[in-house]
Amino acid sequence: MKKRGRPKKYTEVEIMQEKIDKYFKECEKNHDPYTITGLCIALDICRDTLAEYIKNKEFSDTIKKAKLKVENYLERHLITDSSTTGIIFNLKNNFGWSDKQQIEHSGNINNPFSGLSTEELRQLIKDDCK
């Protein structure tokens, strides 16, 4: 059976790693932020292709470490920058971050109508509407 689709751009992890390292060095040299799209441009692949490489056992660790470096960069700036809305958006959409609220309740709930029948409740509503 013939393989379908375009051949992979990278067949060797070392070549991909060289491009990744070059991307981060260029960012540092130019004082540019680390981004996933910048990483994809440096690798000359789209975001979907990057996600496919993560599924490949051979490339998975390399891509995950590169993404972790981008995430770390954003997380540090979340702490040090005064305007964080864009950073938060990026972390939520690219790295699975989320806002969580946990509400705990203690004590009893007192329902003054708990012992009444449906008919008694209807009568109360009728009386209240008069």
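The values are calculated or read from the model by the stated rules, or taken from the named source; none is laboratory data. As the structure is a computational prediction, the values presented were derived from the model and not from experiment. Note that we place each Cβ from the backbone using ideal geometry, even for glycine, and neighbour counts take in every protein chain shown.
Structural remarks
- Looking only at residues in segment 75-130 that are touching a Lys or Arg at 6+ places or on another chain (Cβ under 9 Å) and not in a helix (DSSP H, G or I), the one that is farthest from R47 (Cα to Cα) is D99.
- Filter pass, E18 being acidic (D, E), out of contact with any His (no Cβ under 9 Å at 6 or more places or on another chain) and over 18 Å from G96 (Cα atoms): yes
- Filter result for T11 (outside any helix (DSSP H, G or I), surrounded by fewer than 14 Cβ atoms within 10 Å (Cβ to Cβ) and either without any contact (Cβ under 8 Å) to a residue 60 or more places away in the chain or more than 22 Å from the chain's Cα centre (by Cα) (or both)): yes
- Test result for E71, closer than 18 Å to I87 by Cβ and of a type in the set (D, E): yes
Per-residue answers, yes or no, for (1) farther than 30 Å from T11 by Cα; (2) among the charged types (D, E, K, R):
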residue: C40; (1), (2): no, no
residue: R47; (1), (2): no, yes
residue: K57; (1), (2): no, yes
residue: L68; (1), (2): no, no
residue: G86; (1), (2): yes, no
residue: K100; (1), (2): yes, yes
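- Filter result for G86 (of a type in the set (G, A, S) and either surrounded by 16 or more Cβ atoms within 10 Å (Cβ to Cβ) or touching a strand residue (DSSP E or B) at 6+ places or on another chain (Cβ under 8 Å) (or both)): no
- Hits in segment 24-46 - residues which are free of Cβ contacts under 8 Å to residues at least 40 places away in the same chain, buried (at least 16 other Cβ atoms within 10 Å of the Cβ) and assigned to a helix (DSSP H, G or I): C27, G38, L39, C40, A42, L43
- Qualifying residue in segment 47-59 (condition: surrounded by fewer than 12 Cβ atoms within 10 Å (Cβ to Cβ), farther than 23 Å from K25 by Cα and of a type in the set (K, R)): yes
- Residue match in segment 51-72 (condition: in a loop (DSSP other than H, G, I, E, B) and either modelled with pLDDT of 95 or more or polar (S, T, N, Q) (or both)): yes
- Sole exception among (1) in contact with a helix residue (DSSP H, G or I) (Cβ under 7 Å, 6 or more places away or on another chain); (2) outside any helix (DSSP H, G or I); (3) charged (D, E, K, R) for R6, by number: (1)
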